[in-house]
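The values are calculated or read from the model by the stated rules, or taken from the named source; none is laboratory data. As the structure is a prediction and not an experimental result, all values here were calculated from the model. No Cβ is skipped: glycine too gets one built from the backbone with ideal geometry, and neighbour counts run over all protein chains shown. We work out accessible area using only protein heavy atoms, side chains counted, and drop any ligands, DNA or RNA first. Shrake-Rupley method; radii C 1.70, N 1.55, O 1.52, S 1.80 Å.
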Amino acid sequence: MPQQDPFDLAGAGGQAGGERVPHHLPYGVFTTPDEPGRRRIGVRHGDRVLDVHTAATALGSPHADILAHPTLNPLMAAGRPVWQAVRSSVTTWVGYPAIEPFLHPLDRVTLHLPFEVADYADFYSSEHHATNVGRIFRPQGAALPPNWKHLPIGYHGRAGTVVVSGTPVIRPAGQRRAADSPGPVFGPTQRLDIEAEVAFVVGTPSRPGERVPLADFPEHVFGVCLLNDWSARDIQSWEYLPLGPFLGKSFATSVSPWITPLDALDAARVAPPVRDPEPLPYLDDRAEPEPGGFDIRLAVTVNGHTVAEPPFSTMYWTAAQQLAHLTVNGATLRTGDLFASGTVSGPEPHQRGCLLELTWDGREPLDLPGGKRTYLEDGDEVTISGWAPGPEGTRIILGEVTGRVVAA
Ligand SMILES: O=C(O)/C=C/C(=O)CC(=O)CC(=O)O
Ligand SMILES: [Ca+2]
Ligand SMILES: [Mg+2]
């Protein structure tokens with residue numbers, strides 16, 4: 001009996017010859033209790049993880065070498081034709097009885113950061129989020145800055161503090177200044193927040209001076225994961241002018257352990273919102289063959305209680321536009337570059353992807369069963385999950401990203 005893949009919920013379609021055709025097949029890196037020092041590439045299939053290098057070797061695959069590594073980077077660097085060939089092979093292998101010995105129960109493995117992060121950039125591409133944050137942080141000025149509808153605003157983050165889901169997040173300390181206080185004080189943040197985001201992982205690098213046009217997005221982007229851009233709002237609001245977020249966001253950024261291949265999200269593509277004014281030609285995606293948006297529905301829980309359901313389809317700037325912008329000055333891409341969408345917030349109050357917006361900077365606490373919540377307390381656990389439509393009425397369940405706050 002083929003395993004039911006919880007990433008592809010049982011539903012209409014997805015059947016061939018009476019057996020499910022696996023579709024999602026996300027990549028991760030795992031160890032087993034017997035060999036805790038040996039990190040291996042795994043593909044999730046149902047409630048099991050396929051050791052793909054061992055399977056590839058046993059089956060005489062020409063791709064065995066590229067899978068014999070403790071990270072996904074060599075596979076990611078190999079480029080789209082190889083990604084497609086490996087994905088197509090794995091799709092076949094998971095139906096072979098011969099691979100039984102190479103499948104490990106998911107609850108027996110430890111998952112690790114699946115790739116070595118090269119550079120990390122974070123965008124600010126939800127109009128609803130940017131408008132709300134503008135109103136909260138800069139009540140005197142216009143909600144959106146004058147450049148916002150002309151380019152996807154972003155900042156470069158700290159690649160070395162990107163951690164895998166499940167890693168505890170230590171409450172950061174820093175400078176903060178209350179509005180009515182003459183100077184700053186130092187101490188643990190009192191306004192620790194989350195940001196629910198979707199992130200894109202670069203596989204194929206680019207050369208100096210080369211721009212990545214919108215159409216080349218699938219040639220460079222290996223896959224997609226969920227991301228929590230933990231943010232200390234008091235540190236951030238005191239430090240961020242004029243150069244943007246710095247220590248308020250650099251202490252930890254969590255990613256899901258499973259990387260969904262970009263091709264697995266074909267059925268989730270949707271048209272982005274209409275852009276007005278029209279962007280400059282390198283960002284104008286109206287003539288692109290594939291719509292640039294993705295219909296990914298996020299959910300954020302705090303201590304198991306759902307606090308938000310942000311819709312990724314409402315993002316103003318798409319990931320392809322973000323990548324085109326990131327490289328338009330000739331900056332190179334490296335294998336392992338990670339770029340995140342920015343906080344995903346929809347138009348409705350329960351669709352806001354951070355506590356800053358959900359509680360209007362603490363002025364409107366959330367009523368949770370465990371008590372009222374403004375910002376995060378020590379011991380709180382936050383989980384971001386998401387799903388997207390798959391082929392023929394199925395669902396793709398993305399790997400979730402979770403983290404618990406520990407005292408400073
Ligand atoms: O408007 C600001 O000053 C800052 C907003 C952010 O928190 C930056 C950020 O991480 C962007 C995002 O996630 O959308
Ligand atoms: Ca962010
Ligand atoms: Mg961060």
Among the aliphatic types (A, V, I, L, M), in the same structural domain as Arg171 (by TED's automatic domain parsing) and more than 12 Å from ligand 3 (Cβ to nearest atom): is that true of Leu265 in this structure? yes
Restricting to segment 234-264, name every residue that is buried (at least 24 other Cβ atoms within 10 Å of the Cβ) and within 11 Å of ligand 1 (Cβ to nearest atom). Gly248, Lys249, Thr253
So which residues in segment 168-200 are within 16 Å of ligand 3 (Cβ to nearest atom) and β-branched (Val, Ile, Thr)? Val169, Ile170, Thr189, Ile194, Val198
Residue hits (segment 88-107; surrounded by fewer than 16 Cβ atoms within 10 Å (Cβ to Cβ) and within 13 Å of Arg44 (Cα to Cα)) are Thr91, Pro105, Asp107
Scan Asp285, Asp361 and give me the residue that is in contact with a Ser or Thr (Cβ under 9 Å, 6 or more places away or on another chain) and closer than 21 Å to Val405 by Cα. Asp361
Give me the residue from segment 119-149 that is within 16 Å of ligand 3 (Cβ to nearest atom) and open to solvent by 20 Å² or more (accessible area, probe 1.4 Å) and, out of that set, nearest to Gly28 (Cα to Cα). Asp119
Across segment 266-283, which residue is most open to solvent (accessible area, probe 1.4 Å) among those that are without any contact (Cβ under 8 Å) to a residue 40 or more places away in the chain and of a type in the set (D, E, K, R)? Glu278
Which listed residue is within 16 Å of ligand 2 (Cβ to nearest atom) and free of Cβ contacts under 8 Å to residues at least 40 places away in the same chain, from Phe251, Phe200, Phe246: Phe246
When Val344 is run through (1) free of Cβ contacts under 8 Å to residues at least 60 places away in the same chain; (2) within 16 Å of ligand 2 (Cβ to nearest atom), the failure sits at (1)
Restricting to segment 316-367, name every residue that is open to solvent by 10 Å² or more (accessible area, probe 1.4 Å) and within 16 Å of ligand 1 (Cβ to nearest atom). His325, Leu326, Pro347, Gln351, Arg352, Leu358, Trp360, Asp361, Gly362
Quick one: how many residues across segment 215-233 are among the small types (Gly, Ala, Ser), within 16 Å of ligand 1 (Cβ to nearest atom) and over 16 Å from the mean Cα position of the chain (by Cα)? 1
Picked from segment 150-202 (must be of a type in the set (S, T, N, Q) and in a loop (DSSP other than H, G, I, E, B)), the residue surrounded by the most Cβ atoms within 10 Å (Cβ to Cβ) is Thr189
Got a sec? Which helices (runs of 4 or more DSSP H) wholly within segment 25-112 have at least 1 residues that are under 26 Å from the mean Cα position of the chain (by Cα) and under 20 Å from Val221 (Cβ atoms)? 73-77, 80-93
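Listed here are the residues, each with its yes/no results for (1) under 19 Å from Leu376 (Cβ atoms); (2) at pLDDT below 95; (3) among the β-branched types (Val, Ile, Thr).
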position: Ala159; (1), (2), (3): no, no, no
position: Val169; (1), (2), (3): yes, no, yes
position: Pro182; (1), (2), (3): no, yes, no
position: Phe186; (1), (2), (3): no, no, no
Evaluation of Val198 against (1) modelled with pLDDT under 95; (2) within 17 Å of the chain's Cα centre (by Cα) (one fails), failing number: (1)
